[in-house]
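For reference, the structure discussed in these notes is given below.
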Amino acid sequence: MTGPAISLRGVVKTFGERRAVDGLDLDIAPGTCVGLLGPNGAGKSTTMKMLTGQAIADSGTLSVLGLELPRQSKLARARMGVVPQDDNLDEDLTVGQAVEVFAALYRVPRSERPEAVDKALAIATLQDRRRDSVKELSGGMRRRLLIGRALVHSPEVLLLDEPTVGLDPQVRSELWGLISRLRDEGVTILMSTHYIEEAERLADDVAVMALGRVVARGVPSELVAKHVGSEALEVHAPASRLADITARAVAAGLPTRRTGASLSVLRAETFSPIDVGATGPEVGLRRRAAVLEDVFVVLTGDTGEEVA
Amino acid sequence: MRVDRSAVGGVLLRNYVVFLRTWRSNTVISVVDPVISLLAFGFGFGALVAKVGNIDYVEYVGTGIVAQTVLFTTIFPGMFETFFKRDYQHTYDGLLAAPVDAIDVVTAEALWLAAKASVFGLAPLTVAMVFGLDPAAGMLLIPLIGLVTGFGFACVGIFIAALASSFAAFDYVISMLVTPLFLFAGTFFPLQGLPDWVRLVAHLNPLFHTVELIRHAAFGLQPLTDLGHAVFLAGFGVLAWAVASRRMQKRLVA
């Protein structure tokens, strides 16, 4: 296909008084992996729900694979795989059955189901656990099963809603390997996450959301260069000095962020510490490379405290 | 909203595969419970009341409990299982992300519960036969009666689950709705002895029509009257399904 795999234009969704999504524009090119980054409450999950027809936009247009939502939502869903944030595996089933049931729900023809299930289990590297009960799986295996299950009908588009939330670092990197392989195979992936590192590792392209809209979009390295420059100056100093340095940096038009007891002044390549008053015996200085997390914090105002 | 046969089939298959792994506990409760009721009422009351009309009390209650079984094994899981799947297991999130709509989910869940109930209803019937109920050709209709009734009550349960925001809400429904439904249907005692207005209201109770139909299937059909009962039950089923589907759509799709 020629157009975008996923397209949202001026999408608005309110829940009562709250505007969860507020004029969202987002295009995802076929075969790319886009990370939807944003703090909790930025509208990521609502966006995902609208793409699967589980929330209906108040206004704006949405399409997936050229199919208009919500009118052609069922056709679109047949060609999409969804890995939900909440684990919804059927506990009573075996691993193989959990996938088989979804092969039927996704209308894989009966004769092709055994092969489709084998393939999905291979993706999830759970072939050996086929006959085990879902109950017996570890947290990481359950996540892999959710991903394999979402791929049983060889979807063209995969939605991943916070795919590694709540998992330990080792399992997380194992899942990153799995998602990275899918991306290499050309599946279009939209992945919501609030882990910066996850987006940095996996996404070709990142959309940063805040307050229901996209506030920045691009390749992670370009976003860093554009919004926070190449270097950050990390300043450790007593609180009163930090306040003074912050004020001087802001006056000079430099983005800043607080992380615990230290202050980061961004675009550090453009000034010297003396310019922002960061001198003296009680001031500790360290230069580091600017990262996507700096962009995230500067643009969303989120403290980044819960960011891994 | 339109029903989609492939989607309904997929959800039914899911329920079937889950059932294959859980049928023991699921079936035992549904079968043992009515049998206990039958024995308790049949022999407890049976000692006081020999006959209702010209039917032995144990046979009277036996046929009544078939209807009660259909009610209990559809309205309760319609409420509790649906609520649990929606809010705790997130089962419906998974189904709706697939090419399945709320109306397909409601249709499949109700059909599934109704099909099970039509079979579970045969347990007390069989036990009643052990205690003297004579088999009759008309009894072959009983699973069908159970299916239609069960579909309607499953939809009522699903409708209540779609309205409820916690399990606690079900307590009210059980006292205010389910208890009168099964008591004022002619299951354990005939309605003739009740005040006129109660009898009149009881005629709006779908389970009353089920009980009448089942008794006629067992003791002799009355074609014209029974056609009326059947039409009432079919209408009840369609109405309950429409209301449950609409409500569940509102609940599942924001």
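If you take every DSSP beta bridge fully contained in the protein assembly as shown, what fraction is antiparallel? Give it as a percent rounded to 5. Before the final figure, lay out each step's value.
Values: 39 of 57 bridges.
That works out to approximately 70 percent antiparallel.
Kindly report the accessible area of the protein assembly as shown per residue (heavy atoms of protein chains, probe 1.4 Å, no ligands, DNA or RNA), in Å². Don't skip to the end; give the middle numbers.
Values: 24030 Å² over 562 residues.
The answer is 43 Å² per residue.
Using a 1.4 Å probe over the heavy atoms of the protein chains, calculate the carbon and sulfur portion of the accessible area of the protein assembly as shown as a whole percent.
Working: 14320 of 24030 Å².
Of all accessible area on the protein assembly as shown, carbon and sulfur atoms account for 60 percent.
Please list the radius of gyration and Dmax for chain B, considering alpha-carbon atoms only, with Å as the unit.
My reading of the Cα-based Rg and Dmax gives 18.3, 57 Å.
If you plug each phi of the stretch A:276-290 into the Karplus form 6.51 cos²θ - 1.76 cosθ + 1.60 with θ = phi - 60°, what whole-Hz ³J(HN,Hα) values come out, in order, with x for Gly and Pro?
Using θ = phi - 60°, the values come out as 10, x, 8, 9, x, x, 8, 9, x, 10, 8, 9, 9, 6, 6 Hz.
What does the charge add up to near A:THR14, with Lys and Arg as +1, Asp and Glu as -1, over the other residues with Cβ less than 12 Å from its Cβ? All intermediate terms of the calculation are to be shown ahead of the outcome.
Numbers: positive: A:LYS13, A:ARG18, A:ARG19; negative: A:GLU17, A:ASP22, A:ASP58.
Taking every Cβ under 12 Å from that of A:THR14, the sum is 0.
Among A:THR47, A:THR125, A:THR164, which one moves the most in a GNM of chain A with springs linking Cα atoms closer than 10 Å?
Ranking A:THR47, A:THR125, A:THR164 by mean-square fluctuation puts A:THR125 first.
Pairing the Cα long axis of helix A:169-184 with the longest principal axis of chain A, what angle in degrees results, from 0 to 90 and rounded to the nearest 10?
Between the helix axis and the principal axis of chain A, the angle is about 70 degrees.
Can you list the chymotrypsin sites (Phe, Trp or Tyr not before Pro) in the stretch B:5-104 that are in a DSSP coil and have 11 or fewer other beta carbons within 10 angstrom? Don't skip to the answer; put the middle values down first.
Values: sites: B:TYR16, B:PHE19, B:TRP23, B:PHE41, B:PHE43, B:PHE45, B:TYR57, B:TYR60, B:PHE72, B:PHE80, B:PHE83, B:PHE84, B:TYR88, B:TYR92; in loops: B:TYR88.
Answer in residue order: B:TYR88.
Sequence-distant or interchain residues sharing an amide H contact under 5 Å with A:SER262, placed H: which?
For A:SER262, no residues qualify.
Once you've got the GNM for chain B with C-alpha springs shorter than 10 Å, pick whichever of B:GLY64, B:GLY150, B:GLY94 has the biggest mean-square fluctuation.
In the Gaussian network model the winner is B:GLY94.
For the pair A:PHE15/B:ARG2, report the inter-label distance in nm, with labels modelled 7 Å from Cα in the Cβ direction.
The two pseudo-label positions are separated by 3.2 nm.
Along Cα→Cβ, 7 Å out, is where each label goes; now give me the distance between the ones at B:SER25 and B:ALA47 in nm to one decimal.
3.6 nm
Set the Förster distance to 25 Å, then compute FRET efficiency between A:SER154 and A:GLU91 from the Cβ-Cβ distance, nearest 0.05.
Values: r = 26 Å, r/R0 = 1.05.
Once the sixth-power term is evaluated, E becomes 0.40.
I'd like the Karplus ³J(HN,Hα) series for the stretch A:15-29: coefficients 6.51, -1.76, 1.60, θ = phi - 60°, whole numbers in Hz, and an x wherever there's a Gly or Pro.
So the J values, rounded to whole Hz, are 10, x, 7, 7, 8, 6, 10, 9, x, 7, 10, 7, 10, 10, 6.
State, to one decimal in nm², a quarter of the convex hull surface area for the C-alpha atoms of the stretch A:189-278, i.e. the direction-averaged projected area. Don't jump to the answer; show the numbers that get you there.
On the way: hull surface 26.7 nm².
The orientation-averaged projected area of the Cα hull of the stretch A:189-278 comes to 6.7 nm².
Cut-off 10 angstrom, C-alpha nodes, Gaussian network model of chain A. Which of A:LEU292, A:LEU263, A:LEU121 fluctuates the most?
A:LEU263
Modelled label-to-label distance, B:GLN222 and B:ALA168, 7 Å Cα→beta-carbon offset: nm?
4.7 nm
What are the ³J(HN,Hα) values, in whole Hz, obtained from phi via the Karplus relation 6.51 cos²θ - 1.76 cosθ + 1.60 with θ = phi - 60°, for each residue of the stretch B:224-235 in sequence order, with x given for Gly and Pro?
5, 4, 5, 4, x, 4, 5, 5, 4, 5, 5, x
Assigning unit charges at the beta carbon (Lys, Arg +1; Asp, Glu -1) and nothing else, what dipole magnitude in debye, to the nearest 20, does the stretch B:105-243 show about its Cα centre? Don't jump to the answer; show the numbers that get you there.
Working: 3 positive and 6 negative charges, 11 e Å.
Taking the Cα centre of the stretch B:105-243 as origin, the dipole is about 60 debye.
Quick one: plug the Kirkwood hydrodynamic radius of chain A (C-alpha pairs) into Stokes-Einstein at 20 °C, 1.002 mPa s, and report D in µm²/s.
Result for D is 102 µm²/s.
Compute the angle between helix A:239-251 and the longest alpha-carbon principal axis of chain A, please, reported from 0 to 90 degrees and rounded to the nearest 10.
Value to nearest ten degrees: 80.
Please compute the Cα-Cα pair-distance distribution of the stretch B:118-254 with 5 Å bins starting at 0, giving whole percents from short to long.
All Cα pairs considered, the percentages come to 2, 9, 16, 20, 19, 15, 10, 5, 3, 1, 0.
State, as an integer percentage, the relative contact order of the stretch A:195-259 based on alpha-carbon contacts under 8 Å between residues 6 or more apart. Could the numbers behind the result be given before it?
On the way: 34 pairs, mean separation 10.2, N = 65.
Answer for the stretch A:195-259 is 16 percent.
Consider just the alpha-carbon atoms of the stretch A:1-89 and return their Rg together with their Dmax, both in angstrom.
For the stretch A:1-89, the Cα radius of gyration and maximum Cα-Cα distance read 12.8, 39 Å.
Using helices alone, what [θ] at 222 nm do you get for chain B, with -39,500 (n - 2.57) per DSSP H run of 4 or more residues, divided over all residues and rounded to the nearest 500? Mind dumping the intermediate values first?
Values: 11 runs with 189 residues, N = 254.
Calculated mean residue ellipticity at 222 nm is -25000 deg cm²/dmol.
Could you work out how far helix A:113-123 tilts from the main Cα principal axis of chain A, as a 0 to 90 degree angle to the nearest 10?
Computed tilt is about 30 degrees.
Sequence gap at least 6, Cα distance under 8 Å: using those rules, report the relative contact order of chain A to the nearest whole percent.
Averaging sequence separation for qualifying contacts and normalising by length gives 20 percent for chain A.
Grab the Cα-Cα distance for B:SER175 and B:HIS203, subtract it from 0.36 nm times how many residues apart they are, and report the gain in nm with one decimal.
Working: separation 28, 0.36 × 28 = 10.08 nm, distance 1.95 nm.
Between B:SER175 and B:HIS203, full extension yields 8.1 nm more.
Compute for chains A and B the buried accessible surface, both sides summed, probe 1.4 Å, and express it in Å² to the nearest 100.
Numbers: alone 13930 and 12490 Å², together 24030 Å².
Buried area (both sides, nearest 100 Å²): 2400 Å².
Would the protein assembly as shown count as rounded, prolate or oblate if I go by the C-alpha gyration tensor, calling it rounded below 1.5 in a/c and otherwise prolate when a/b exceeds b/c, oblate otherwise?
On the way: a/c = 2.95, a/b = 2.56, b/c = 1.15.
Prolate shape, in that a/c is at least 1.5 and a/b is the bigger ratio.
What is the mean projected area of the alpha carbon convex hull for the stretch B:53-152, to one decimal in square nanometres?
Values: hull surface 29.6 nm².
Hull-based average projected area comes out at 7.4 nm².
Pull up all non-local amide H partners of A:ALA210: gap of 5 or more, or a different chain, and H-to-H distance under 5 Å with H placed in the peptide plane.
Long-range HN contacts for A:ALA210: A:VAL215.
Which entries of A:LYS135/B:LYS116; A:LYS13/A:LYS44; A:LYS49/B:LYS250; A:LYS119/B:LYS85; A:LYS44/A:LYS74; A:LYS49/A:LYS226 show an alpha-carbon separation above 23 angstrom in the structure shown?
Details: A:LYS135/B:LYS116 26 Å; A:LYS13/A:LYS44 12 Å; A:LYS49/B:LYS250 14 Å; A:LYS119/B:LYS85 28 Å; A:LYS44/A:LYS74 21 Å; A:LYS49/A:LYS226 31 Å.
From the list (A:LYS135/B:LYS116; A:LYS13/A:LYS44; A:LYS49/B:LYS250; A:LYS119/B:LYS85; A:LYS44/A:LYS74; A:LYS49/A:LYS226), the Cα-Cα distance tops 23 Å for A:LYS135/B:LYS116; A:LYS119/B:LYS85; A:LYS49/A:LYS226.
Using a loss threshold of 10 Å², tell me which positions in the stretch B:4-24 are less accessible in the complex than in their chain alone. Probe radius 1.4 Å, ligands and nucleic acids ignored.
B:ASP4, B:SER6, B:GLY10, B:LEU13, B:ARG14, B:VAL17, B:VAL18, B:ARG21, B:THR22
The values are calculated or read from the model by the stated rules, or taken from the named source; none is laboratory data. Just so we're clear, the structure is a prediction, and the values are computed from it rather than from any experiment. Here the Cβ is made from the backbone with ideal geometry for all residues, glycine too, and neighbour counts use every protein chain on show. Note: areas computed on protein heavy atoms with side chains; ligands, DNA, RNA excluded. Shrake-Rupley method; radii C 1.70, N 1.55, O 1.52, S 1.80 Å.
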